[in-house]
Amino acid sequence: MSKPQTAKPAPKPPHRLLLGERRRLIVEHVEENGRATVEELAKKFDTSAVTIRADLEALANASAIVRSHGGALPVMPVSSDIPLNIKETRRHAQKLRIGQAAAEMIRDGETIILDSGSTTVEIARQIRQRKFESLTVITNALNIALELSGLPQIRVMMLGGLLRQTSYSLVGPDAEHALAKLSADRLFLGVDGLDPEVGVTTPDPLESALNALMIRVARQTVAVLDASKLGQRSLSVIAPVRQLHKVISDNSAPAEIVEALRNAGLQVELV
């Protein structure tokens, strides 16, 4: 006669984290992954989205994280002005695709502005490979001017000013004075951060002031940036997103930020 089977004990309910412990782990998760959405945090910690939003607000008020649209970002140092030669090595494949998509927008006879940056220099490299009969390029970047030198069909107009060693860019009152006298069909703006709520940002106040003027003298502004910059905020605000016309980024862009930008009336192209 077989023995009756003993019932297996019921599984223990999952360990419920204390408030402080959960918030500490949220900060660790955001720092390790570079960003986090409310949905993924709610799933990870088995709690509601309302609770996670409250956690994020409390952590943002304590300067432990940076609140972004639909989630959170790690706290970045104010002086996160990374040298251009290092920037160019990061996410290069994505920047190349963005540069190709941006160059396809350019038409013969146009006057364009190329802001300094590791993504805008890819646009300049694409311009070299295309058969333009006539093109005027205004830039404040030494490396972009050199990239386009020696091409008789490309007229390069270099802005003067103070040289920033980290970005090879010229900024300051002299650059602004020269730019104020010009007009352009299209600006390709490279930025360090684009947050739907804050706008486009960059670490340097002088660069920010010149970028804001670039937007004013151009008929169309196209922000070009890889997806790692979406949701990020830097020290100086250049302009709110409503002053942009289009954003070109790569196809790893967070869906919630893309949706927010499109809801703000921007064209968003992912490559």
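The values are calculated or read from the model by the stated rules, or taken from the named source; none is laboratory data. Bear in mind the structure is a predicted one, so any value in this text is a computation, not a measurement. Virtual Cβ from ideal backbone geometry, glycine too; neighbours counted across all protein chains shown. Heads up: the accessible areas ignore ligands, DNA and RNA and are worked out on the full protein's heavy atoms, side chains in. Shrake-Rupley method; radii C 1.70, N 1.55, O 1.52, S 1.80 Å.
Run through the DSSP bridge list for the chain and note the antiparallel percent, rounded to the nearest 5. The antiparallel fraction comes to roughly 40 percent. Here the chain has 53 percent of its accessible surface on carbon and sulfur atoms, given a 1.4 Å probe and all protein chains in place.
Solvent-accessible surface of the chain, taken per residue with a 1.4 Å probe and all protein chains present: 50 Å².
Per-residue packing, averaged as other Cβ atoms within 10 Å, sorts the ranges 31-42, 146-157 into the order 31-42, 146-157, beginning with the highest.
What's the whole-number percent of alpha carbon pairs in the chain lying beyond 30 angstrom? Across the chain, Cα pairs with separations above 30 Å total 36 percent. Think of each Lys and Arg Cβ as +1 and each Asp and Glu Cβ as -1; about the Cα centre, that makes the dipole of the range 125-271 roughly 520 debye. Checked against a 27 Å cut-off, the cross-linked pairs K181/K246; K95/K181; K131/K181; K43/K229; K44/K229; K131/K229 give Cα-Cα distances beyond that limit for K95/K181; K131/K181; K131/K229.
The mean sequence distance of close C-alpha pairs (under 8 Å, at least 6 residues apart), as a share of the length of the chain, puts its relative contact order at 15 percent. Accessible area ranking (1.4 Å probe, heavy atoms, ligands and nucleic acids excluded), largest first, for D195, D108: D108, D195.
The alpha carbon centroids of the range 222-271 and the range 105-140 are separated by 21 Å.
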